[in-house]
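Written below as structure tokens is the structure these notes are about.
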Amino acid sequence: MTYDDQNIFAKILRGEIPCKKVHEDIHTLAFEDINPHTPVHTLVIPKGKYVSMTDFAAKASDAELAAFNRAILKVVEIKGLQNSGYRLITNNGLNGGQEVPHLHVHVLGGRPLGPMLTRM
Ligand code: AMP
């Protein structure tokens, strides 16, 4: 899939729309989800133009890959989730239910999160 420069996270990265920043480094930005599902619901995104985890894992540099993982850990620390636990979700593509076509990891926590998925 071609990267869409008009997606909402691209606009956040360009400063065209605001976000509640949680953490930033040269490769990564983390900010609060606008419609939180849980007491902690933070999104971590690479600054590079990657549509999905598929795209990122295949094309990102080692520095970007490392920064992304460390940024997730940084959010976990900032939000104090190390001991209580948390869940990471990355929706990919159509069946994954991805709405915004710029890679993002949801960091969820702050309460028991229940079963991973509802069986259908
Ligand atoms: P996904 O379904 O995995 O693509 O998740 C997209 C997420 O982006 C949803 O949880 C939305 O609430 C969130 N979102 C959409 N627009 C914004 C925004 N402007 N700022 C912060 N989060 C947003």
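The values are calculated or read from the model by the stated rules, or taken from the named source; none is laboratory data. If you're wondering where the values come from, they're calculated on a predicted model, not measured in any experiment. Don't worry about glycine lacking a Cβ; one is built from the backbone with ideal geometry, like all the others, and counts go over all protein chains shown. Quick note on the areas: whole protein, heavy atoms, side chains included, nothing else; ligands and nucleic acids left out. Shrake-Rupley method; radii C 1.70, N 1.55, O 1.52, S 1.80 Å.
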Cβ-Cβ under 7 Å pairs, at least 6 apart or on other chains, the stretch 49-77 side free of Cβ contacts under 8 Å to residues at least 40 places away in the same chain, far side among the charged types (D, E, K, R) and assigned to a helix (DSSP H, G or I): none
Which members of the stretch 6-32 meet the condition of being farther than 18 Å from residue 77 by Cβ, out of contact with any Pro (no Cβ under 7 Å at 6 or more places or on another chain) and not aliphatic (A, V, I, L, M)? 6, 9, 11, 14, 15, 16, 18, 19
Restricted to the stretch 11-53 and to residues being hydrophobic (A, V, I, L, M, F, W, C) and under 15 Å from residue 98 (Cα atoms), the residue surrounded by the most Cβ atoms within 10 Å (Cβ to Cβ) is 44
Just to be sure I understand, how many residues within the stretch 33-49 are within 13 Å of the ligand (Cβ to nearest atom) and either part of a loop (DSSP other than H, G, I, E, B) or over 18 Å from residue 85 (Cβ atoms) (or both)? 8
Verdict on residue 65 being open to solvent by less than 80 Å² (accessible area, probe 1.4 Å) and either within 15 Å of the ligand (Cβ to nearest atom) or assigned to a loop (DSSP other than H, G, I, E, B) (or both): no
Residue identified as open to solvent by less than 90 Å² (accessible area, probe 1.4 Å) and over 26 Å from residue 2 (Cα atoms) among 105, 76: 76
Considering residues of the stretch 13-31 that are within 16 Å of residue 66 (Cβ to Cβ) and part of a loop (DSSP other than H, G, I, E, B) only, the residue farthest from the chain's Cα centre (by Cα): 26
